[in-house]
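Asker: First the structure, then my questions, so here it is.
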Amino acid sequence: MEIMDQDLLAMYRWMVLDRVFEERTFELLKLGKLIGFHHPNIGQEAVDVGTCYGLRKDDTIMPTHRGKGKYLLKGVDIKVMMAGMFGRRNGSGKGRGPASHSGDNSVGLLAGTGVIGSGIPISTGAALAMKLQKKDSVALHFFGDGASNRGDFHEALNLAGVMKLPIVYVCDNNCYAISVPASCAMAIEDIAIRAVSYGFPGVTVDGNDVMAVYEATQNAITRARKGEGPTLIECKTYRWMGHSINDPDLYRPPHEIAAWKEKCPIKRFERYLREKELLDEGKVKEIYRNVNEEIEEAIRFAEASPFPLPEDTLLDVYADYE
């Protein structure tokens, strides 16, 4: 996909939307308005946008519990996403579960699982279906550094390598599996080298550089569409907040967090666009204003939406073959 100036500006707006959405979510959680847990994604926006920007409708993704930006980029309506987080009937999950585990086949969003790493074989199965149906669609699966140590990861990647499946595995390596540093959980520095064991490329990129992530993803997608098989992309990044909203985050030294905040992916991309004379202060303020208005409209929609009914617990349990 050729990247044009309008694409660069669109990617910047998506990153801003991702960040502000997460910040607003944190505020709503403190007010007790949302259901379930929330796992903040602030600091990882370049991974969301760099991987999902430009995907086709028939491509599939399965995000982790972190990063609602991936859902929105794939086509989930922001109002529907917000209503799901409010636990409303017309939202993602229909009020019966967290929006982060919801799916929408109409836009290629596979429903996530609740166990870390257990979704990797599911996305691999989706890629197998694409190959059997002779489609040129591609599956993207997202997971963290901790999930790469599970059996699900290794078994799925082995199968994908053997069968040359059209899938891109994206590791959001934010340095911690909840509170466990990656350096304490594995004896390698780069998770991407594990791909060699399964016969396909592994690429390590700066996960705070949206253009580097985008380029690596597009190369991997091109390979997959040609029938050349999977790619493992490791995006080295960092989450600015704790694992979840309830995490006191006492295990990370303050100087480490401060150092990573200096590498803010949004500010970095903003500087790049200013150098290209695509952005100025007025345009930045306009984008933030529009993003805030879009999010506030979604909140108003969610608050006005109905709660689920008791009988809704019986929906989507059995297929209707009549």
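Derivation of every value follows stated rules applied to the coordinates shown; laboratory data play no part. The model shown is predicted, which means the values in this text are computed figures rather than measured ones. Counting neighbours? That spans all protein chains shown, and the Cβs are built from the backbone with ideal geometry, glycine included.
Asker: What is the order of Ile245, Ile42, fewest Cβ neighbours within 10 Å to most?
Answerer: Listing Ile245, Ile42 from fewest to most nearby Cβ atoms yields Ile245, Ile42.
Asker: Report, ordered by chain and residue number, the aspartates and glutamates lying within cross-link reach of Lys276, taken as a straight Cα distance under 14 Å and ignoring same-chain residues fewer than 8 apart.
Answerer: Straight-distance partners of Lys276: Asp5, Asp7.
Asker: Within region 245-286, what residues put their amide N at less than 15 Å from the label point 7 Å along the Cα-to-Cβ vector of Cys184?
Answerer: The answer is 248-254, whose backbone nitrogens lie closer than 15 Å to the label point.
Asker: Can you return the aspartates and glutamates within cross-link range of Lys131? Criterion is Cα-Cα under 20 Å, with same-chain partners fewer than 8 residues away left out.
Answerer: Within reach: Asp58, Asp59, Glu155, Glu228.
Asker: Could you state the orientation-averaged shadow area of the convex hull built on the Cα atoms of region 188-259, in nm² to one decimal?
Answerer: 6.6 nm²
Asker: Oh, and also: What FRET efficiency would be calculated for the residue pair Ala304, Ala111, taking the C-beta separation as r and a Förster radius of 30 Å, to the nearest 0.05?
Answerer: 0.70
Asker: Using Cβ contacts closer than 10 Å as the measure, can you line up Leu157, Leu31 from fewest to most?
Answerer: Leu31, Leu157
Asker: Continuing with the same structure: Reported to two decimal places, what Rg/Rh ratio describes the chain when computed on Cα atoms with Rh from the Kirkwood expression?
Answerer: Taking Rg over the Kirkwood Rh, I get 0.95.
Asker: For the chain, what is the calculated [θ] at 222 nm in deg cm²/dmol (nearest 500), taking -39500 (n - 2.57) for each run of four or more DSSP H residues and dividing by its residue count?
Answerer: The helix-only estimate for the chain comes to -13500 deg cm²/dmol at 222 nm.
Asker: Which peptide among 183-192, 21-30, 253-262, 118-127 comes first, and what is the full order, when sorted by highest mean count of other Cβ atoms within 10 Å?
Answerer: Ranking, from highest mean packing down: 118-127, 21-30, 183-192, 253-262.
Asker: Same structure again: How would region 50-193 be classified by its alpha-carbon gyration tensor: rounded, prolate or oblate, with rounded meaning a/c under 1.5 and the a/b versus b/c comparison settling the rest?
Answerer: It is oblate, given that a/c is not under 1.5 and a/b is not larger than b/c.
Asker: How do Val20, Val213 rank when sorted from fewest to most other Cβ atoms within 10 Å of their own Cβ?
Answerer: Val20, Val213
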